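Colleague: Provided herewith is a single structure, encoded as structure tokens, for subsequent inquiry.
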Amino acid sequence: MKRKKYFDEQRAFEFIWHNADRDGIWHGDAASLGAEFEISEDAAEAVLDELRTRRLIEKLYTGVFFICNWREKDDPGLPDQ
């Protein structure tokens, strides 16, 4: 039996952060987030909405989000991942 990955806003944001390009752009959507964590697209969309409400991400257009307050991945000011 395959165990589902734990999913919450923090895990979603961490996934988005690690999969964003160098400019802080994540090419994904509720469907891809849901597939990664084996949850429904509706549940993933609710978490993306909450992350937008908290101004952690902004939706640029369908399937593309920008991480607010992005720092380059090689920025020494980032905590160890």
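Per-residue answers, yes or no, for (1) surrounded by 12 or more Cβ atoms within 10 Å (Cβ to Cβ); (2) of a type in the set (A, V, I, L, M); (3) at pLDDT 95 or above; (4) touching a Gly at 6+ places or on another chain (Cβ under 6 Å):
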residue	(1), (2), (3), (4)
LEU33	yes, yes, yes, no
GLU38	no, no, no, no
GLU45	yes, no, yes, no
LEU51	yes, yes, yes, no
GLY63	yes, no, no, no
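Colleague: Could you check region 1-60 and list, in sequence order, the residues that are in contact (Cβ under 8 Å) with a residue 24 or more places away in the chain and in contact with a Lys or Arg (Cβ under 7 Å, 6 or more places away or on another chain)?
Modeller: ARG22, PHE37, GLU38
Colleague: Could I ask something else about it? Within region 44-73, take every residue that is out of contact with any His (no Cβ under 7 Å at 6 or more places or on another chain) and among the β-branched types (Val, Ile, Thr) and give me the one that is farthest from SER32 (Cα to Cα).
Modeller: The first filter runs over region 44-73 and keeps only residues out of contact with any His (no Cβ under 7 Å at 6 or more places or on another chain), leaving 44-62, 65-73.
Those left that are additionally among the β-branched types (Val, Ile, Thr): 47, 53, 57, 62, 67.
Numbers: VAL47: 13, THR53: 20, ILE57: 16, THR62: 12, ILE67: 17 Å.
Restricting to residues being out of contact with any His (no Cβ under 7 Å at 6 or more places or on another chain) and among the β-branched types (Val, Ile, Thr), the top hit is THR53.
Colleague: For region 1-31, how many residues meet the condition of being over 22 Å from TRP70 (Cα atoms) and at pLDDT below 95?
Modeller: Within region 1-31, residues that are over 22 Å from TRP70 (Cα atoms) and at pLDDT below 95 number 7.
Colleague: Let me ask another. Which members of region 1-18 meet the condition of being part of a helix (DSSP H, G or I), surrounded by 14 or more Cβ atoms within 10 Å (Cβ to Cβ) and of a type outside the set (A, V, I, L, M)?
Modeller: Those that are part of a helix (DSSP H, G or I), surrounded by 14 or more Cβ atoms within 10 Å (Cβ to Cβ) and of a type outside the set (A, V, I, L, M): GLU9, ARG11, PHE13, PHE15, TRP17.
The values are calculated or read from the model by the stated rules, or taken from the named source; none is laboratory data. Owing to the predicted nature of the structure, the values given are computational and were not obtained by experimental measurement. Here the Cβ is made from the backbone with ideal geometry for all residues, glycine too, and neighbour counts use every protein chain on show.
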